[in-house]
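*Asks:* Sending over a structure as structure tokens; questions will come in a sec.
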Amino acid sequence: GPVRTFTIGFPEGTQDETADAGLVADFFNCRSTVERLDWPKVEDLIAAVTAVHEPFADPSLLPTFLVSRVAARGVKVALAGDGADELFAGYPWFTTSLQQFSRRPKHYADWAQTIQVGSAQSQRYAR
């Protein structure tokens, strides 16, 4: 069957990526599950921190925990998308960093060129 995707959204937020996730799921013919959640409760935060079993300072912990909870209702194993911004130069400061790397030795310049090409391709699909 088609690949399953799981996305959560919160009310009235600039960080709501459910529309973008829907476009990507449609493009790749995925079976998409989108769930709108109320704002997280203290109990959600306690459950997330307890599940990690160690100090963890990444602010993505709670949303990752919540989307994993949604996914667990439909699948036994899931792959997360963390790291895509780093891989495809999705943060604004990457532009400056890539320009600096392109002036470095050849292997850094090759890496910077690869990332710029990947970023340009991902932006094309975002339209």
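The values are calculated or read from the model by the stated rules, or taken from the named source; none is laboratory data. Worth saying up front: this structure is predicted, and the values here are computed from it rather than measured. Glycine gets a Cβ as well: all are built from the backbone with ideal geometry, and neighbour counts include every protein chain shown. The area values use the complete protein model at the heavy-atom level, side chains included, leaving out ligands, DNA and RNA. Shrake-Rupley method; radii C 1.70, N 1.55, O 1.52, S 1.80 Å.
*Asks:* I'm trying to understand the selection: among the residues of region 1-26, which are open to solvent by 100 Å² or more (accessible area, probe 1.4 Å) and among the small types (Gly, Ala, Ser)?
*Replies:* Matches in region 1-26: Gly1 only.
*Asks:* Here's something else I'd like to know. Of the residues that sit in region 63-95 and are part of a loop (DSSP other than H, G, I, E, B) and at pLDDT 85 or above, which one is nearest to the chain's Cα centre (by Cα)?
*Replies:* Leu79
*Asks:* Could you please find all residues in region 42-62 being over 20 Å from the mean Cα position of the chain (by Cα) and in a loop (DSSP other than H, G, I, E, B)?
*Replies:* Residues satisfying the conditions are His53, Glu54, Pro55.
*Asks:* Still on this structure: Go through region 1-17 and give me each residue that's modelled with pLDDT of 85 or more and in contact with an Asp or Glu (Cβ under 9 Å, 6 or more places away or on another chain).
*Replies:* Those that are modelled with pLDDT of 85 or more and in contact with an Asp or Glu (Cβ under 9 Å, 6 or more places away or on another chain): Phe6, Thr7, Ile8, Gly9.
*Asks:* Now, a different point. Given the residues Ser60, Ser97, Ser68, which is the only one that is closer than 14 Å to Phe6 by Cα, out of contact with any Lys or Arg (no Cβ under 8 Å at 6 or more places or on another chain) and among the hydroxyl-bearing types (Ser, Thr, Tyr)?
*Replies:* Residue meeting the stated conditions: Ser68.
*Asks:* For region 27-41, enumerate the residues that are outside any loop (DSSP other than H, G, I, E, B) and open to solvent by less than 100 Å² (accessible area, probe 1.4 Å).
*Replies:* Passing the criteria: Ser32, Thr33, Val34, Glu35.
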